[in-house]
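Below is one structure, written out as structure tokens; the observations come after it.
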Amino acid sequence: MREGACPKCGSADIVPNRPIRDLGHGNSVHELTTRVEERPDALIFKGETVESYLRAWVCGECGYTELYATDHRYLFDLYTRAQTP
Ligand SMILES: [Zn+2]
């Protein structure tokens, strides 16, 4: 959908690249992110961490929405390094 029509209804009416707001503590506004940690099971020392914002592409016809990470290459790079013993 980022490169073409909606995969659900076929519409070309796409709202691209929108930030996704989330309310945090005290109703503070944050943008939604995803992350990869080098040692996700560690309680404190999780090692290297990569965090990436998520952006939404929304179909203006049916509302179908796809999310994309802005820093996907850095996420995947740390993910693959963290899997290697
Ligand atoms: Zn659609």
*asked:* What does the net charge come to around residue 59 if you take all other residues with beta carbon closer than 13 Å to its beta carbon, with K and R at +1 and D and E at -1?
replied: 0
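Please report the net charge: other residues with Cβ closer than 14 Å to the Cβ of residue 73, K and R +1, D and E -1. Please report the intermediate quantities before stating the final value.
Details: positive: 81; negative: 51, 71, 77.
Local charge sum for residue 73: -2.
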*Counting Lys and Arg as +1 and Asp and Glu as -1, each charge on the Cβ, what is the dipole of the chain about the Cα centre in debye, to the nearest 20?*
20 debye
*asked:* Pairs of alpha-carbon atoms within less than 8 angstrom and 6+ residues apart define the contacts here; what relative contact order does the chain have, in percent?
replied: 29 percent
*Considering the chain as a Gaussian network with a 10 Å cut-off on Cα pairs, which listed residue, 11, 52, 28, attains the greatest mean-square fluctuation?*
28
*Qualifying trypsin sites (Lys or Arg not before Pro) in region 1-74, DSSP loop, other Cβ atoms within 10 Å at most 11*: 2
*Estimated Rh, the chain: Kirkwood, alpha-carbon pairs, angstrom*: 14.9 Å
*Would you mind getting me the FRET efficiency between residue 42 and residue 21? Use the beta-carbon distance for r and R0 = 35 Å, nearest 0.05.*
0.70
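Throughout, read-outs are computed from the coordinates displayed, never taken from laboratory work. Quantities reported herein were computed from a predicted structural model and do not represent experimental measurements. Reconstructed Cβ throughout: ideal geometry from the backbone, glycine too, with neighbour counts over all protein chains shown.
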